[in-house]
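Beneath this line is the structure, given in structure tokens, with notes to follow.
The values are calculated or read from the model by the stated rules, or taken from the named source; none is laboratory data. None of these values were measured; they are calculated from a predicted model. Every residue, glycine among them, receives a Cβ derived from its backbone with ideal geometry; neighbour counts consider all protein chains shown. Accessible surface areas use protein heavy atoms only, side chains included; no ligands, DNA or RNA. Shrake-Rupley method; radii C 1.70, N 1.55, O 1.52, S 1.80 Å.
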Amino acid sequence: MPTLKQITAALDEALRLADFEDDSHNGLQVANSGNVSRVCCGVDASLEFFKSAHELGADLCIVHHGISWGASLATITETNYEIVSFLMKNDMALYAAHLPLDAHPILGNNACIAAALGLTDVDGFCNYHGNSIGRKGRLPEPLTFDDLCGRVQTLTPGGAFHALSFGPRLVNTIGIVSGGAAGEVSQAIDAGLDCYITGEMNLQAYHAAKQGGMNVIAAGHYATERFGVKAVGDFLSRTFKLPCDFINFDLPW
């Protein structure tokens, strides 16, 4: 049985945590007594998620959105108290990876979406504090924007889907930054891409996309960020021969 220390060391190295400037305190956020027999992965560190993981027998939980952001744990009260006390009572560890899991060229949310769309010539995209956190690439064959929307919607079921047809009718090149990355539409415009895929939009980004002639697909914050934690679970299952479950709530955001 692998130890928590062995697993977190492997994840820290694979995800290059030290390379990222992030509001999230990435890595191990809550420890357990030291051993791991089952892993559960999910997007958000919610009490609902932890209770579901406990029912499955998990002693390590891996999430994209953890509980430790900036000074968020300066006082452990209310929801944070409920979560921390539940984890400690049930000897469950919590590991979080935010920007490192967006950016990873294989395990990352954006790399997985690019692979699912069959993009070629895939490269880093969208600079944030010196790191490329997104991916960009080319479709094997051009698709109409409507057909591309259908493919993305199939990949992200349940998400709050919005499509802005402000660019070319035929799409060849795509940039992807999952989650709440509406503002990064400007980098897709600057890169001369045909379409930008993200999780959610806002009014300012809408106007930027329209003025910049950029097609945009916003397929849901939650829906576009299921990919990375699933991939991490597969990585741990291969590396440590551990049972790893993904818990999905199909949240409509």
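Name the helices (complete DSSP H segments) of the chain with a Cα length along the long axis of 18 Å or more and a Kyte-Doolittle mean of at least -1.0, or state none.
Span-like helices in the chain: 227-240.
Excluding ASP19 itself, what net charge comes from residues whose Cβ is under 13 Å from its Cβ, given Lys and Arg +1 and Asp and Glu -1? The partial results should precede the final answer.
Working: positive: ARG16; negative: ASP12, GLU13, GLU21, ASP22, ASP102.
That works out to -4.
Over all alpha-carbon pairs of the chain, lay out the pair-distance distribution in 5 Å bins, whole %, shortest bin first.
1, 7, 14, 18, 18, 15, 11, 8, 5, 3, 1, 0
Step through the residues of the range 126-139 one at a time and calculate ³J(HN,Hα) from phi using the Karplus curve (6.51 cos²θ - 1.76 cosθ + 1.60, θ = phi - 60°), rounding each to whole Hz and writing x for Gly and Pro.
Rounded to whole hertz, the list is 6, 6, 9, 6, x, 10, 7, 9, x, 9, 9, x, 10, 5.
Using a 1.4 angstrom probe on heavy atoms only, work out the carbon and sulfur share of the accessible area of the chain in %.
Values: 5720 of 11300 Å².
Exposed carbon and sulfur together represent 51 percent of the surface.
Using a cut-off of 12 Å between beta-carbons, work out the net charge of the residues near ASP121 (Lys and Arg +1, Asp and Glu -1, ASP121 not included). Provide the component values of the computation, followed by the final result.
Values: positive: ARG135, LYS136, ARG138; negative: ASP123.
Every neighbour counted, the sum reads +2.
Need one number: nm distance between label points at PHE240 and ASP147, each 7 Å from Cα along Cα→Cβ, rounded to one decimal.
With each label placed 7 Å out from Cα toward Cβ, I get 4.4 nm.
I'd like the chymotrypsin sites (Phe, Trp or Tyr not before Pro) in the range 49-84 restricted to DSSP loop residues with at most 11 other Cβ atoms within 10 Å, sorted by number. Numbers along the way, then the final one.
On the way: sites: PHE49, PHE50, TRP69, TYR81; in loops: none.
Of the chymotrypsin sites (Phe, Trp or Tyr not before Pro), not one in the loops of the range 49-84 has a Cβ with at most 11 other Cβ atoms within 10 Å.
Quote the Stokes-Einstein diffusion coefficient, in whole µm² s⁻¹, for the range 1-76, based on the Kirkwood radius over alpha carbon pairs, a temperature of 25 °C and a viscosity of 0.890 mPa s.
184
Pull up all non-local amide H partners of ASN35: gap of 5 or more, or a different chain, and H-to-H distance under 5 Å with H placed in the peptide plane.
LEU4
Output the relative contact order of the range 150-253, whole-number percent, from Cα pairs under 8 angstrom with separation of 6+ residues. Please list the in-between numbers first.
Details: 189 pairs, mean separation 33.9, N = 104.
Taking the mean separation of contacting Cα pairs over the length of the range 150-253, I get 33 percent.
Over the chain, what is the relative contact order in percent, taking alpha-carbon pairs closer than 8 angstrom and at least six residues apart? Please report the intermediate quantities before stating the final value.
Working: 550 pairs, mean separation 50.2, N = 253.
It comes to 20 percent, rounded to a whole number.
For the range 158-180, list residues with backbone N below 18 Å from a point placed 7 Å from the Cα of LYS210 toward its Cβ?
Answer for this model: 162-168.
Can you tally the net charge around GLU200? Count Lys and Arg as +1, Asp and Glu as -1, for every other residue whose Cβ sits under 15 Å from the Cβ of GLU200. Don't skip to the answer; put the middle values down first.
On the way: positive: ARG226; negative: ASP44, ASP102, GLU184, GLU225.
Charge balance near GLU200 sits at -3.
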